[in-house]
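Everything on this sheet refers to the single structure shown next.
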Number of protein chains: 4
Amino acid sequence: MPGRTFLQQAVPVTFGLKAAHWLGGVVESHAALADHARPRLTLAGAAGTLASLGGEGMALARAMAATAPFDGLQTDGSHAMRGRVGRFAAELAVTATMLGKIARDVSLMMQTEIGEAFEPSAPGKGGSSTMPHKRNPVLCTAILACAMRAPNLAATLIGSGLHEHERAVGGWHAEWEPLFELLRLTGAALNHAVTLVEGLEIDAARMRANLDLTQGLVMAERAAFALAATLGKAQAHHRIEAATKAAIAQRRPLRDVLADDPAIANRLDMAALDAIFDPAGYLGGAGALIDAALARGRAQFSAC
Amino acid sequence: MPGRTFLQQAVPVTFGLKAAHWLGGVVESHAALADHARPRLTLAGAAGTLASLGGEGMALARAMAATAPFDGLQTDGSHAMRGRVGRFAAELAVTATMLGKIARDVSLMMQTEIGEAFEPSAPGKGGSSTMPHKRNPVLCTAILACAMRAPNLAATLIGSGLHEHERAVGGWHAEWEPLFELLRLTGAALNHAVTLVEGLEIDAARMRANLDLTQGLVMAERAAFALAATLGKAQAHHRIEAATKAAIAQRRPLRDVLADDPAIANRLDMAALDAIFDPAGYLGGAGALIDAALARGRAQFSAC
Amino acid sequence: MPGRTFLQQAVPVTFGLKAAHWLGGVVESHAALADHARPRLTLAGAAGTLASLGGEGMALARAMAATAPFDGLQTDGSHAMRGRVGRFAAELAVTATMLGKIARDVSLMMQTEIGEAFEPSAPGKGGSSTMPHKRNPVLCTAILACAMRAPNLAATLIGSGLHEHERAVGGWHAEWEPLFELLRLTGAALNHAVTLVEGLEIDAARMRANLDLTQGLVMAERAAFALAATLGKAQAHHRIEAATKAAIAQRRPLRDVLADDPAIANRLDMAALDAIFDPAGYLGGAGALIDAALARGRAQFSAC
Amino acid sequence: MPGRTFLQQAVPVTFGLKAAHWLGGVVESHAALADHARPRLTLAGAAGTLASLGGEGMALARAMAATAPFDGLQTDGSHAMRGRVGRFAAELAVTATMLGKIARDVSLMMQTEIGEAFEPSAPGKGGSSTMPHKRNPVLCTAILACAMRAPNLAATLIGSGLHEHERAVGGWHAEWEPLFELLRLTGAALNHAVTLVEGLEIDAARMRANLDLTQGLVMAERAAFALAATLGKAQAHHRIEAATKAAIAQRRPLRDVLADDPAIANRLDMAALDAIFDPAGYLGGAGALIDAALARGRAQFSAC
């Protein structure tokens, strides 16, 4: 019996659904970045008028816009209005955050006391000079270090759009290094995340064992819903809450406490109780959601 | 003769082109926000499985997704992956920045020594309790104060996506107030910006007078390009640079200095010189760019 | 045997030392904030000259500075130079972060699978409407939500110091709400942190059990140092590393693997081995460091 | 007569007082950074216990603390509590902002239409490849580009203090590059600011001319205070406000409008009116404040 509180575990979730969420985040970022990465034509001159091209400025801009990679006339003031730079930076930061979220989850699952997932080990990686037993989560660490820096770099790039006139004193120049940094950090996070995900080791038995640590408390919601059909919602919630307290106080499985309560045993027989306390039976649409995420991922990545 | 340096003025730009840039920035933000504002269906349950809906979770989600405002099944993990919140926040901040850029430009044009544009005055607005002559740029001030706060709020919302598992300890809760703040600040900036732009007073004569402050130096690029046709680019640049220094040292119009130089006068007659120094003749594609921006604006806003 | 990697656990640390670190962070912030909170006299007038006070401005300023709460003449340009506001904001954010760090550690220790510490429960706090067993870490959540927002608010307040002349168009006004927010968030975090720390429940037996999960691997550094005395550092590290791998592969205590190795058993008898694997004997200066932190805390807080 | 609004000019301020404010900001930052730069001893070991030093850890720490550059025992948990890093980063950002504020003011004074101050020119610096007349404010630009990036880097460093246990997964590593960046950016801003300030060119005649652009409106506060002595505050404010409007409408000096008003002329003779409209007579404590700032600067810098 693990302790007095059960905060982390609400209802069961499969690792597959967790990974499907990760995939969903990456797919959205991929789609958004692909849109930002389309070639754009910015032809402007010192103050945006194209005057230095003589009378030919607009004709030249139109001709260039009509050529292969450009999708239309884009001499549209991005010289002065830096929204695109800000949006691109924000999407890079969101992407880094999506990757960092994967690393956050893996690093939590890697904790000694949890041990459900592990980043791949590699000879010479993550060791300690004085602690022979140590294997540091170097991939998660690197991804998170990148991801933690990205949002504020994006903020600098959005904020530099508050510049003066057609060319800022400082505002434009403050964009240069942060944009390179963001590209570097997001690219590095992606590179490490691919290694992390491709080599991720999963301990399914440990996942199941950790689920059982609560002695069935994690299934309390399901039991309450099942009882609500005959007892009414309020009464069912009240009874399960009382049984939950008893289970914790007596360090017994919630199922056994419920089985001892005649009012409940009359309504749910042993087979029904056993079924309620099987986490694998309370996964709702997890499978369908995973399928949908995989389909979305295939559609997105097959296009590139 | 204004001074020894001529940094702000590169080549002439019309106020119309500046305003067209403002419009372009607003149009892009409008399009992006309209996309973020589409209704989305997120049906998840405590851990994203829909298990609490019994076997009906996915069917219910699909049925809801098929109804009017939703455009498809959206039970896609936004519970866990907060990229959409980050992107929406970033677009709000970019929008606030686009509006703040308008206020920045107007506040610079309102400077006593420049006096080219003025925010509308209203009785009881912008006065000073001890300085009867004072009219503060209250609209620009309010817009900029909103816009300066927005990027870092967006960074907080992007960064909170680095949360734990299916529901963070703090990460989700850190989103609530900043998102409201961003909506409030961007909405307030927009409200003030509409008042600012609708009532903006322009002093065209002052704009022209300020352009003339450089005694023709602002047309030096054009003169160099005109001379390059007969002198070659390097030689033309060199001669105009020398004439520029002489004009500054002698506090004379650049046109007159050039007219005194036989090598130049041989190549450009007086009428040609006069034409070169007419800023209205060196506006490149400004008119066409304004037309394009207006067309884009009409297309965007007629759709809503 | 918990898993294949042992990242979180380096060498033993006591909960007391962890709490002493928390105290140290709070003490430093208390000292820094007390310095910022000293009354300061800023008497300036519209442009900082005190001209509106006639010839008496400086005399008045000096007289006020000499009165009770002020510690000297402070009419020193904080009207124009906003460094103090930025520093105060940064210290509030650092303070919120120090408190958030406590909440971070507690929330990690509260995980179902770890169960070493628990925030105090209160009737009606942290429950779930559908999950009768759930006890959410509401204090940690609230503290972390405050702490995650504070650094970017401080950045806004530092950055607004880049304003124009004697009074900014927007820069000063952008300070108002963020400063109130920071005070509110840091105060709320402090309020919750006091409740958290005063009611914190500790499960010492579970801490010890979690330490034993590694079957002695957490003491590998100590074993390596002990062997280094007779085997040399490199050879000792090498042997302990090999024994560590064997212990993991065989799922046996590291102590037993070492006892089976004659080269080691010759150098360390059973009593010495047992002593090495007692974590309580490898706490270094933990006790002295706790005493020092407590003394520093008493000195700081007795002064207020 | 410059225009219809007089926002920038409140009451006269001398350039000397503006520069004294700059000095004050730099002096405060110098003092704060000097404090952060004192050597500190952090001796911790892998988890902060000093256990790897055997029984000698605390003795060693105390012995080291007693040696020359350290000012006492500092084995105080900065391994776990990162407040010092956050504070140091914040002070670097505040310093960059103080320097950026100087560049902001200079860049505004350098505007073609204002022309009151100029950054030093250097051959080959700030020119344009196509515009021979252009002299870009390259020092102000470089300083501002550094200063605009600093606050958000500081926020990242403050926020990374929210890390886990004795050593974060990512939080500590996210500190490395941003801290170097902050040192580099603040150092670069300082280097450029020294060049800027040492070579700053001032056009005092232009400053006076710009002050006269308002035709005396900038002295309206003083006139109102002078009249208040005999007319009462409300009545004086009201009359000066009316005269201000008349002066603007008639494009006449405020002094002349007042002289034409018998009610005012009865109370203030011509000599008194002339004195009121001499900006040099309405500088309050500017001189004393400059002296105080210089004294503070000398005290701070003579100590280093």
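The values are calculated or read from the model by the stated rules, or taken from the named source; none is laboratory data. Only a predicted model underlies this, so the values are computations on that prediction, with no experimental measurement involved. All Cβ positions, glycine included, derive from the backbone under ideal geometry; neighbour counts span all protein chains shown. Just the protein is used for accessible areas: all its heavy atoms, side chains included, with ligands, DNA and RNA removed. Shrake-Rupley method; radii C 1.70, N 1.55, O 1.52, S 1.80 Å.
For the stretch B:122-139, indicate whether the set of residues that are of a type in the set (S, T, N, Q) and either at pLDDT 95 or above or crowded, with 23+ Cβ neighbours inside 10 Å (or both) is non-empty. It would help to see each step written out before you state the result.
To start, the set of residues in the stretch B:122-139 that are of a type in the set (S, T, N, Q) comprises B:128-130, B:136.
Filter once more, keeping what is either at pLDDT 95 or above or crowded, with 23+ Cβ neighbours inside 10 Å (or both): none.
Checked the stretch B:122-139: no residue is of a type in the set (S, T, N, Q) and either at pLDDT 95 or above or crowded, with 23+ Cβ neighbours inside 10 Å (or both).
Conditions tested, residue by residue: (1) in contact with a strand residue (DSSP E or B) (Cβ under 7 Å, 6 or more places away or on another chain); (2) over 30 Å from residue D:120 (Cα atoms).
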| site | (1), (2) |
| --- | --- |
| D:202 | yes, no |
| D:211 | no, no |
| D:227 | no, yes |
| D:233 | no, yes |
| D:252 | no, yes |
| D:265 | no, yes |
| D:272 | no, yes |
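Can we say residue B:236 is open to solvent by 50 Å² or more (accessible area, probe 1.4 Å) and not assigned by TED's automatic domain parsing to the domain that holds residue B:18?
Values: open to solvent by 50 Å² or more (accessible area, probe 1.4 Å): no; not assigned by TED's automatic domain parsing to the domain that holds residue B:18: yes.
The answer is no for residue B:236.
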Consider the stretch C:263-289. How many of its residues are open to solvent by 30 Å² or more (accessible area, probe 1.4 Å), outside any loop (DSSP other than H, G, I, E, B) and farther than 14 Å from residue C:236 by Cα?
9
Just checking, does the stretch A:186-202 include any residue being more than 28 Å from residue A:110 (Cα to Cα) and touching a helix residue (DSSP H, G or I) at 6+ places or on another chain (Cβ under 6 Å)?
no
Flag if residue C:48 is in contact with a His (Cβ under 7 Å, 6 or more places away or on another chain), modelled with pLDDT of 75 or more and surrounded by 15 or more Cβ atoms within 10 Å (Cβ to Cβ):
yes
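Could you list, in sequence order, all residues of the stretch C:94-110 that are charged (D, E, K, R) and open to solvent by less than 10 Å² (accessible area, probe 1.4 Å)?
Within the stretch C:94-110, the subset charged (D, E, K, R) is C:101, C:104-105.
Matches in the stretch C:94-110: C:101, C:105.
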Here's a check for you: in the stretch C:181-208, which residue that is open to solvent by less than 50 Å² (accessible area, probe 1.4 Å) and among the hydrophobic types (A, V, I, L, M, F, W, C) is farthest from the chain's Cα centre (by Cα)?
C:207
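Scanning the stretch B:12-45 for residues that are among the small types (Gly, Ala, Ser) and under 13 Å from the mean Cα position of the chain (by Cα), which turns out most open to solvent (accessible area, probe 1.4 Å)?
For the stretch B:12-45, the residue satisfying everything is B:19.
Determine whether the stretch C:169-180 contains at least one residue that is outside any helix (DSSP H, G or I), open to solvent by less than 30 Å² (accessible area, probe 1.4 Å) and under 27 Å from residue D:89 (Cβ atoms). Don't jump to the end; show me each part of the working.
Step one: of the stretch C:169-180, the residues outside any helix (DSSP H, G or I) are C:169-172.
Among the residues that remain, those that are also open to solvent by less than 30 Å² (accessible area, probe 1.4 Å) are: C:169-171.
Then keep just the ones that are under 27 Å from residue D:89 (Cβ atoms); that gives C:170-171.
Yes, because at least one residue in the stretch C:169-180 is outside any helix (DSSP H, G or I), open to solvent by less than 30 Å² (accessible area, probe 1.4 Å) and under 27 Å from residue D:89 (Cβ atoms).
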